[in-house]
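Below you'll find the structure, written out as structure tokens, and then a few comments.
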Amino acid sequence: MKNITALFLLIPALAVLSTGQPAQKGAAPAQIIPQAIVAQVKNTDYRDVRIKPFPVAVQCWTYRKYTFFETVDRVKALGLKYLQAFPGQPLGLGNSKEAFGEGMSEAAMKAAQAKVHEAGLSVVAYGVVDIGTTEASMRRVFDFARKMGVRTVVCEPQDEVFPLLEKLLQEYDLRAAIHNHPRPAKYAWPTTTLDRLKGRDERIGVCADTGHWMREGLNPVECLRLLQGRILDVHFKDRSDFGQGPLAKDVAWGSGKAKARDILAELTLQDFDGYLTMEYENEEEVMTPEPAIRKSVEFVKSVTYYQGYEQLLKRFDGAYEKHGWNHYGPGYFELDGKTGVLKSQGGMGLLWYSVKKFRDFVLELDFKCSQKNTNSGVFVRVPDVPTSDDYIYHSFEIQIEDASQGIHATGAAYDAEAPRMSASRPAGEWNHFKITFKGKHLQVDLNGKLVLDWEAVPRGKVRDFAPEGYIGLQNHDSLSPVYIKDIFVKEL
């Protein structure tokens, strides 16, 4: 976080790998990241990853030359909504010399909360903060975080405090994200962090600083893959070069050598559920970081596949829930709260999204068949709240069944219009549906191939169809379940 690069250049390397071997200053990345992880990343085609939207936060260290109140105003002007505060930033409250942190008076704390609230912002994390080694010191930080409504505390805990830290995080229901400053800092190597996290509560995870990994000559994508499942926050940085030389500096996301799109793709594959935190440390732009921030946000938008989409199956407090979904008829869909994967059980019934009706839209989702004869479907424009099986006569079902042909095959408008071709992947592999319904025009892309392009008319079992309606997922039987995830919709 802080500009201590020069100090790191003067102090000998003291970090220790998780293997217990000394880390040499010139150690090649292959000596730090296990070869199996390097191979995994090398064999992943990130170009094919449909990048999900991530919320962007600003680490207040970006505005280290300004007060906290000034930072709030500047972040609001950028149109962003989330802050990560750091200890010691002057508050900027009149003539007060108070600084943001657990030492604030109650009055200063209330003033800071009011300022953030009036700006329409939220403080989502706090750090990097020294939590100390005693229960009293940790409680002081966690009490402050709780009062400020902050869920994630970014820190660099000492080895001996982990049992106590774990206990207190469970009590407070907070999260501790371990940050990686460069050497000689304790957690410069991701292997060290991973070693400390083994067997620990999931409330203890990682604040992954991609820029500091680049300073160590490490590939950020490989580091992220190594820490999969434990990443709570990302200090997303791009740099003009690797290492700590005079020419290496922070640059806007997507304009350096970090492979920023691959980073976002890797986070998407991991289903990362946190913030992309902008911590801009380019000293040449310390007074005017806004152009780089705007360019960075635009870069993320430009590579986000689901930009402008709404995710229909969402997380709440870290776990996926069927909030907004109702079920009609026999059977049900069970939901894995960690992965967001739905699995059909029994039937024949319909899980439908009851929050709103959709008129013209693009609907995208992934599905996987357990067997070739798995039978399911995606219903579009269900006209009314299902109270009987009558909805099947007044809405189209985009069929899922590889064992059938023609108007009953995968990609068909069931019983009405056959797909142009078969584009399904074998049972056990994920498929991607892109269903576009605009006016009467119904288009289905399956795994990137146009399989249905049809001016819809009532046909087969469909007697008529409405100009708008609900979206539903069919659970057909107990013998061959279907799996569904990543349900996104964009209204046209």
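Could you please let me know if K440 is without any contact (Cβ under 8 Å) to a residue 60 or more places away in the chain and loosely packed, with under 15 Cβ neighbours inside 10 Å?
yes
I'm trying to understand the selection: among the residues of region 45-65, which are over 20 Å from W253 (Cβ atoms) and in contact (Cβ under 8 Å) with a residue 24 or more places away in the chain?
Answer for region 45-65, where residues must be over 20 Å from W253 (Cβ atoms) and in contact (Cβ under 8 Å) with a residue 24 or more places away in the chain: just K65.
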If you go through region 88-141 one residue at a time, how many are within 26 Å of the chain's Cα centre (by Cα) and either surrounded by 13 or more Cβ atoms within 10 Å (Cβ to Cβ) or free of Cβ contacts under 8 Å to residues at least 24 places away in the same chain (or both)?
12
All positions within region 201-223 that are buried (at least 24 other Cβ atoms within 10 Å of the Cβ) and under 18 Å from R175 (Cβ atoms)
V206, C207, A208, D209
Pair list, Cβ under 6 Å, 6 or more apart: region 216-241 residue in the same structural domain as Y275 (by TED's automatic domain parsing), other residue among the acidic types (D, E)
V221/D262; V221/E266; L224/E266; H235/D209; H235/E279; K237/D250; R239/D250
Quick check on my filter: what residues within region 473-492 are of a type in the set (D, E) and either closer than 19 Å to Y414 by Cβ or surrounded by fewer than 18 Cβ atoms within 10 Å (Cβ to Cβ) (or both)?
D477, E491
Please verify whether region 224-241 includes one or more residues that are under 27 Å from R294 (Cβ atoms) and of a type in the set (K, R).
yes
Tally of residues being more than 24 Å from Y305 (Cβ to Cβ) and either surrounded by fewer than 23 Cβ atoms within 10 Å (Cβ to Cβ) or of a type in the set (V, I, T) (or both) across region 227-249:
11
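The values are calculated or read from the model by the stated rules, or taken from the named source; none is laboratory data. Please read all numbers here as calculations on a predicted model, not as lab measurements. Ideal geometry is used to build each Cβ from the backbone, glycine not excepted, and the neighbour counts take in all protein chains shown.
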